[in-house]
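Asks: First the structure, then my questions, so here it is.
All of the numbers you see were taken from the coordinates with simple rules; none came from a lab. None of the values given here were measured: they were computed from a predicted structure. No Cβ is skipped: glycine too gets one built from the backbone with ideal geometry, and neighbour counts run over all protein chains shown.
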Amino acid sequence: MCADGYTGAKCENNCPEGRFGPKCSGKCVDCADRESCNLITGECSKCPPGMMGILCEQSCLAGTWGEGCKETCDCALGHACNNVDGTCECSTGHAGKKCEDECPAGTWGSKCSQKCRACKNNGICSPINGECQCPPGFQGESCQMRCSVGQWGTDCMNNCTCASDRKQCDPVNGHCQCASGLQGNLCQDYCELGFWGPDCINQCKCKSLSSTCSATTGECTCKPGYFGEVCDKICPEGQFGDYCKQSCGECDEGMICDPVVGCCLEGESFCGIARAEFVKASRGGVAWWPFLLLAFTVILFAFGFVAYYRSKWLKEKDPDLPTVTFHPEHQGFAVDEPDHNEFNNPLYNRKSVVDGGPAKTEKDLEALKLGPRVNLRPQNEYESLDQFQDIPSTSSATSECRQPLLSSDERRPASGDSEENHDYEVPDYKRKSQESDDRPGNLYS
């Protein structure tokens, strides 16, 4: 008896091509490149593309392909590929080299080879089964029907829950509302002029002068003499009536073609009124805006003008003035030790003594007038300010004798002080004669 894979009287021959095993009873599968299988086990040394296993009896696993199933599929959205050459095998409703595209509109099925039926009301054909997918509020094979009363939503699967039986359920979103042209909790009121639709929520676009608006549909019905979608145009010359369908022809002498009634006597109460009002309304809508712009500009300029002068007035009202300190008493002041840092400005504050009485402060600054710049240091260095006196008043009641704050001896500088000329702005004083006595007098006017 011959060993597996061999045959012959003396077992000198291999099994014929395509056979293996004991007495060459096994049949080999198709191996790659037409190679024979193993004489003993029947295994292929190399499987054909797309096959795997000891006997090459299995196809490549999903997602792999090629010789030895070593290649990976490159298809979009997880689509499978051919286990031999790797070609993407698109599922129903997809197309493209890698199955990355849905079927174009109007087609469906494998490789998008089928044509869709016509879908209505914005229905969409399913690329998988070809059925019309209806938007909310519609139903039917072609989406040709609205939802029945009391139903709404996708495929009309939802039931309405309106509190009043007078209100209708919106078939798209389920909102409860009155029928078109009505409003109110019980839908008992008609729409006001200029509004239309369910619950009267829409505003009419019609020109109120020349048309009426349907409370149900919102459509404009033009009055005689007007036309256009919103009735915003008047009949051309020579035409009149409903939607300008009639012709005036040649009117008699003294008559004009009115866009409303046709030929009429010029000057009659109704003749030519429609065209005049139309022209006036057209011009009025255009002519007002320049005046509004001008008024706005004037107001803006006025605000700026007031703000500028108010700021200027506040600055002039509160100027930054230097502060001058006046000390009415000089206790402990030594003649030989003068305070060089002290300066009394008579223009801002001054003290006067009347008949030996208490000192008082005079603040009437406006009464003071500045005169020319003078040198307060007289040629006689011991000459004092009490030598200056204004013109006395003629009335004895108003004449006051004002004592100087310091005596003439106290006002003399110390012997060690330097003599420097100091110029100050002083009131217009009138100097007394040097020969007069040292009696007290008015120092200031």
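Asks: Are any residues in the stretch 53-65 surrounded by fewer than 16 Cβ atoms within 10 Å (Cβ to Cβ) and either of a type in the set (D, E, K, R) or out of contact with any Asp or Glu (no Cβ under 6 Å at 6 or more places or on another chain) (or both), and if so, which ones?
Replies: Narrowing the stretch 53-65 to residues surrounded by fewer than 16 Cβ atoms within 10 Å (Cβ to Cβ): 53-54, 57-59, 61-63.
Passing the criteria: Gly53, Glu57, Gln58, Ser59, Leu61, Ala62, Gly63.
Asks: While we're on this one: Can you name every residue in the stretch 7-21 that is closer than 14 Å to Ile40 by Cβ and not in a loop (DSSP other than H, G, I, E, B)?
Replies: Matches in the stretch 7-21: Thr7, Asn14, Arg19, Phe20.
Asks: Name the residue that is nearest to Cys81 (Cα to Cα), counting only residues in the stretch 111-125 that are of a type in the set (Gly, Ala, Ser) and surrounded by fewer than 15 Cβ atoms within 10 Å (Cβ to Cβ).
Replies: If we take residues in the stretch 111-125 being of a type in the set (Gly, Ala, Ser) and surrounded by fewer than 15 Cβ atoms within 10 Å (Cβ to Cβ), then Ser113 is nearest to Cys81 (Cα to Cα).
Asks: Now, a different point. Quick check: is even one residue across the stretch 94-114 in contact with a Pro (Cβ under 7 Å, 6 or more places away or on another chain), under 25 Å from Cys200 (Cα atoms), free of Cβ contacts under 8 Å to residues at least 60 places away in the same chain and part of a loop (DSSP other than H, G, I, E, B)?
Replies: No.
Asks: Go through the stretch 246-280 and give me each residue that's within 48 Å of the chain's Cα centre (by Cα), under 12 Å from Gly225 (Cβ atoms) and of a type in the set (D, E, K, R).
Replies: Arg275, Glu277
Asks: Among strands (runs of 3 or more DSSP E) lying entirely in the stretch 198-265, which contain 1 or more residues that are in contact with a Gly (Cβ under 6 Å, 6 or more places away or on another chain) and buried (at least 16 other Cβ atoms within 10 Å of the Cβ)?
Replies: Of the strands (runs of 3 or more DSSP E) lying wholly inside the stretch 198-265, those with at least 1 residues that are in contact with a Gly (Cβ under 6 Å, 6 or more places away or on another chain) and buried (at least 16 other Cβ atoms within 10 Å of the Cβ) span 255-258.
Asks: Only one residue in Ser148, Ser91 is surrounded by fewer than 17 Cβ atoms within 10 Å (Cβ to Cβ), of a type in the set (Gly, Ala, Ser) and closer than 30 Å to Leu61 by Cα, so which one is that?
Replies: Only one candidate qualifies: Ser91.
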